[in-house]
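K.L.:
Take a look at this one; I'll ask things after.
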Amino acid sequence: MCGGQGTRLDADVEKPLFRVDGEPMVDRVIAALEASRIDRVYAVVSPHAPETAARVDCPTVETAGEGYVADLQAALADQRIDEPVLTVAADLPLLDGEAVDEALDAHESGSLTVAVPTFLKSALGVSVDVRFVHEGEEVAPTGVNVVGDGPDETVVRDDARLAVNVNRREDAEIAERLSR
């Protein structure tokens with residue numbers, strides 16, 4: 001998912017093209033997916049990210065850019081994409097193939113939300129924009145999900161690779177430090 005506006009980041013480039021340790025975040029995420037056991041990668045783009053659409057070296061799915069949920073629904077309507085499907089936000093620069101495979105291993109059926117404890121995000125110093133309680137623990141979604149037909153499940157991982165979403169400049173600085 002790489003078609004958002006990225007207004008909170010306040011950057012001179014589209015959010016997916018924002019560089020962490022010298023490499024655009026979208027390239028880092030695609031490399032993580034290619035290092036996993038995923039067999040096909042599609043970049044879900046929008047009019048908000050034309051340079052990202054031109055840059056990615058994989059098939060794209062064009063959406064209207066009306067928000068994450070609307071864009072995800074549009075992508076799932078694409079005839080090339082079958083459920084269940086792994087969705088990954090382009091703002092996870094620490095993601096790697098192993099973390100992707102661990103998310104896939106956690107999926108049994110239906111849909112899966114991968115979350116991290118909010119205390120981990122706070123300990124790392126990164127922003128927490130969305131939070132919810134799962135089995136008595138406050139958690140935050142990571143931007144890694146499996147969308148399928150059936151009941152929704154949540155799995156919680158105490159993993160910095162999943163905890164650092166770059167939404168603000170401060171998040172980018174932390175991602176930069178941790179990527180080294």
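Laboratory data are not the source of any read-out in this text; all were calculated from the coordinates shown. Please read all numbers here as calculations on a predicted model, not as lab measurements. Note that each Cβ is placed from the backbone with ideal geometry, even for glycine, and that neighbours are counted across all protein chains shown.
K.L.:
For a label point 7 angstrom out from the Cα of residue 12 toward its Cβ, which stretches of the stretch 86-117 have the backbone nitrogen within less than 18 Å?
P.N.:
The answer is none, because no backbone nitrogen lies closer than 18 Å to the label point.
K.L.:
Something else now. Over the chain, what relative contact order in percent results from Cα pairs under 8 Å that are six or more residues apart?
P.N.:
The normalised contact order for the chain reaches 25 percent.
K.L.:
Under Stokes-Einstein, with the Kirkwood radius over Cα pairs standing in for Rh, what whole-number D in µm²/s applies to the chain at 4 °C and 1.567 mPa s?
P.N.:
Value of D from the Cα-based Kirkwood radius: 79 µm²/s.
K.L.:
If you place +1 on the Cβ of every Lys and Arg and -1 on the Cβ of every Asp and Glu, how big does the dipole about the Cα centre of the stretch 16-82 come out, in debye to the nearest 20?
P.N.:
I would put it at about 80 debye.
K.L.:
Which one, 75, 30, 47, projects farthest toward the positive side of the charge dipole computed for the stretch 23-90 from Cβ point charges (K/R +1, D/E -1)?
P.N.:
30
K.L.:
Dipole magnitude of the stretch 1-136 about its Cα centre, charges +1 at Lys/Arg Cβ and -1 at Asp/Glu Cβ only, in debye to the nearest 20?
P.N.:
That gives a dipole near 300 debye.
K.L.:
How long is the gain from residue 62 to residue 38 if the chain were fully straight, where each residue apart is worth 0.36 nm and the alpha carbon distance is subtracted?
P.N.:
6.6 nm
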